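What follows is a set of notes on a single structure, which appears directly below.
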Amino acid sequence: MSKLSRQAAIVGAARTTGFNVEGHTIPELLARAAKMAIEDAGLRKSDIDGIITTQVAGFGSDPRLQYRFAEYLGFGRYAKVIDLPHTGGMSSGYANNQARWYLQQGLANYVMVLDGGNWRESYLSRGRDMGAAVRPYRESMRSPHPYDWEMPYGTGGAYSIYAPVGARHMYEFGTTSEQLAAIAVACRKHATMNERACLRDPITIEDVMTSRWISWPHHLLDCAYIAPGFATAYIVTSAERAHDSPKPPVWILGAGHGMSYYHVGNLCTPSPEGFDIVRTVGKMAGDQAFGEAGVSRSDIDCLQVYDSFTTTALLAIEDFGFCEKGEGGPFVEGGRIELGGELPLNTHGGLLSEGQSGNGTLAVMYEGISQARGEAGERQAAEKPMVCIGGASGVASNFGCTILQRD
């Protein structure tokens, strides 16, 4: 167990609903989540002196976005640290390490991590303007996926970029579409118990298999559901201050992250360390987190991971070490990843059913916090669970991993 383990804790957390029937803008959604998280922690706004706003969907790649948000939310007079990590779906693991560093160095006392978006509006607008999947070359150059070497071969967004990942896993390990579908079915089963979830009707393996193709081998129900809009916020503080929290602190036992290439061509070429398109740096992130926490995979009561696609979740299960590489397909069968099984996965429904808006990784983090606090209701995996939370970005090329548990 490293010296950082249990030196920081989450003392407040909040998430708006994903339906956004009021039509709030992204700054309004973030402000609501921030206010609720501060109230949850029993703090005042002036107590928050560190702000980490992850790359917010729908606001492009403004390098000074963090300052605009801090000003809009009214934190500009208080914050000593304002940060904007552009790390996509693995932002929670990265942000947790950043927050702990700020606290350890005495640069801040309470660090708030924020994320949100109104992706459905952005997607609809993009569809009206230029087609939902394909962006002009000039715009793609501001993306983490410049398409010089990929768009000429037909890639036009995450759907087509992630397809080769799933296809390679099937080719190399014999993974089947039915096994991927088992992940979507488990997530939907959990979403039926989550009033925040956008999709709550139960589904079967056959439902997934007969839903229309998006980009082979992914069907429609293998893909994250784009929600109208929501925001998530949580507050991290030091061990000393955490004991003053009105709610039991949720300790960060360990956190890790690993970063690799974004381009599929580079990922397809094995690195000297053995990483490639289906052997991800999730192993690096997981080993860091578990090594720091000093716990084993068998100690984990539930796993909350970024599931932009069923394939993304499968890779996290393998590379975080819950089964051997290539055995993820058989591992997810037979109810093993459902509540009551060996490793309940995405007990809120995941991005596949609860929905994604923004990076999505903080919504996954919020479910992990809720589980650790014992606030998940009928979805509760254990009385005092140890929770593993994972995020991914790029073409499953960057991963974050965090392990939580309350006293």
Answer yes or no: is there a residue in region 61-82 that is over 30 Å from Tyr261 (Cα atoms), outside any helix (DSSP H, G or I) and under 22 Å from the mean Cα position of the chain (by Cα). no
Which listed residue, of Leu267, Leu220, Leu199, Leu253, is aliphatic (A, V, I, L, M) and in contact with a Lys or Arg (Cβ under 6 Å, 6 or more places away or on another chain): Leu220
Hey, could you check region 223-269 for residues that are among the hydroxyl-bearing types (Ser, Thr, Tyr), open to solvent by 10 Å² or more (accessible area, probe 1.4 Å) and under 21 Å from the mean Cα position of the chain (by Cα) and say which is modelled with the highest pLDDT? Tyr225
Please tell me if Ser298 is open to solvent by 10 Å² or more (accessible area, probe 1.4 Å), part of a helix (DSSP H, G or I) and hydroxyl-bearing (Ser, Thr, Tyr). yes
Taking region 11-39, which residues are in contact with a Leu (Cβ under 7 Å, 6 or more places away or on another chain), open to solvent by 10 Å² or more (accessible area, probe 1.4 Å) and aliphatic (A, V, I, L, M)? Ala31
Hits in region 89-113 (condition: over 10 Å from Gly400 (Cβ atoms) and outside any loop (DSSP other than H, G, I, E, B)): Gln98, Ala99, Arg100, Trp101, Tyr102, Leu103, Gln104, Tyr110, Val111, Met112, Val113
Within region 278-295, track down each residue that is closer than 22 Å to Ala158 by Cβ and open to solvent by less than 10 Å² (accessible area, probe 1.4 Å). Val278, Thr280, Val281, Gly282, Ala285
I'd like to check something: does region 112-122 contain any residue that is under 19 Å from the mean Cα position of the chain (by Cα) and modelled with pLDDT of 95 or more? yes
Please indicate, with yes or no, whether at least one residue in region 47-57 is at pLDDT below 90, aliphatic (A, V, I, L, M) and either assigned to a strand (DSSP E or B) or surrounded by 24 or more Cβ atoms within 10 Å (Cβ to Cβ) (or both). yes
Taking region 68-99 only, how many residues are open to solvent by 10 Å² or more (accessible area, probe 1.4 Å) and either among the aliphatic types (A, V, I, L, M) or at pLDDT 85 or above (or both)? 13
Would you check which residues across region 314-347 are part of a helix (DSSP H, G or I) and acidic (Asp, Glu) and list them? Glu318, Asp319
Restricting to region 356-371, name every residue that is under 22 Å from Gln55 (Cβ atoms), modelled with pLDDT of 95 or more and open to solvent by less than 10 Å² (accessible area, probe 1.4 Å). Val364, Met365, Glu367, Gly368, Ile369
Some residue of region 171-181 being in contact (Cβ under 8 Å) with a residue 60 or more places away in the chain, open to solvent by less than 50 Å² (accessible area, probe 1.4 Å) and more than 29 Å from Cys323 (Cβ to Cβ): no
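The values are calculated or read from the model by the stated rules, or taken from the named source; none is laboratory data. Quantities reported herein were computed from a predicted structural model and do not represent experimental measurements. In this analysis, Cβ positions are derived from the backbone assuming ideal geometry, glycine residues included, and neighbour counts consider all displayed protein chains. Keep in mind that these areas ignore ligands, DNA and RNA; they rest on the heavy atoms of the full protein, side chains included. Shrake-Rupley method; radii C 1.70, N 1.55, O 1.52, S 1.80 Å.
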